[in-house]
Amino acid sequence: MTITITKLNGTNHTQWATKMALLLEQKQVYGIIKGYDDKPEEQAAIATSTEKAAFKDWMDCHGVARSTILVGRKPRIEAEYTVVNDAKTLWE
């Protein structure tokens, strides 16, 4: 299934958010912005390989969620929010 999203322009938030949520679900990163998938603790030097892998997976998903939200906005809006590093905060 392909989802076509009209970029957020400041007047189409409801329509944009609905389609964006579907796209984020499709990319399996919706839990990041809804807070279902909590960020694992930063790995210490003595972290196990499983802990390191979980942290890396979460960071990868977070990056996908953040970049998807940003590219779904008109350039003037995208530029304003590029400084927001947290995908959940960016969504809100």
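The values are calculated or read from the model by the stated rules, or taken from the named source; none is laboratory data. These numbers come from a predicted model, not from an experiment. Here the Cβ positions follow ideal geometry from the backbone for every residue, glycine too, while neighbour counts run over all protein chains shown. We work out accessible area using only protein heavy atoms, side chains counted, and drop any ligands, DNA or RNA first. Shrake-Rupley method; radii C 1.70, N 1.55, O 1.52, S 1.80 Å.
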State whether one or more residues within region 14-22 are in contact (Cβ under 8 Å) with a residue 12 or more places away in the chain, out of contact with any Pro (no Cβ under 8 Å at 6 or more places or on another chain) and open to solvent by less than 30 Å² (accessible area, probe 1.4 Å).
yes
Residue selected from region 45-85 under the condition under 20 Å from Glu25 (Cβ atoms) and open to solvent by 60 Å² or more (accessible area, probe 1.4 Å), by the criterion modelled with the highest pLDDT
Asp60
Considering each residue of region 14-37, count those that are farther than 12 Å from Ala65 by Cβ and of a type in the set (D, E, K, R), and give that number.
1
Filtered residues of region 37-86 (kept if in contact with a strand residue (DSSP E or B) (Cβ under 8 Å, 6 or more places away or on another chain) and touching a residue at least 24 places away in the same chain (Cβ under 8 Å))
Gly72, Arg73, Lys74, Ile77
Take region 1-41 and flag every residue that is part of a loop (DSSP other than H, G, I, E, B) and hydroxyl-bearing (Ser, Thr, Tyr).
Thr2, Thr4, Thr6, Thr11, Tyr36
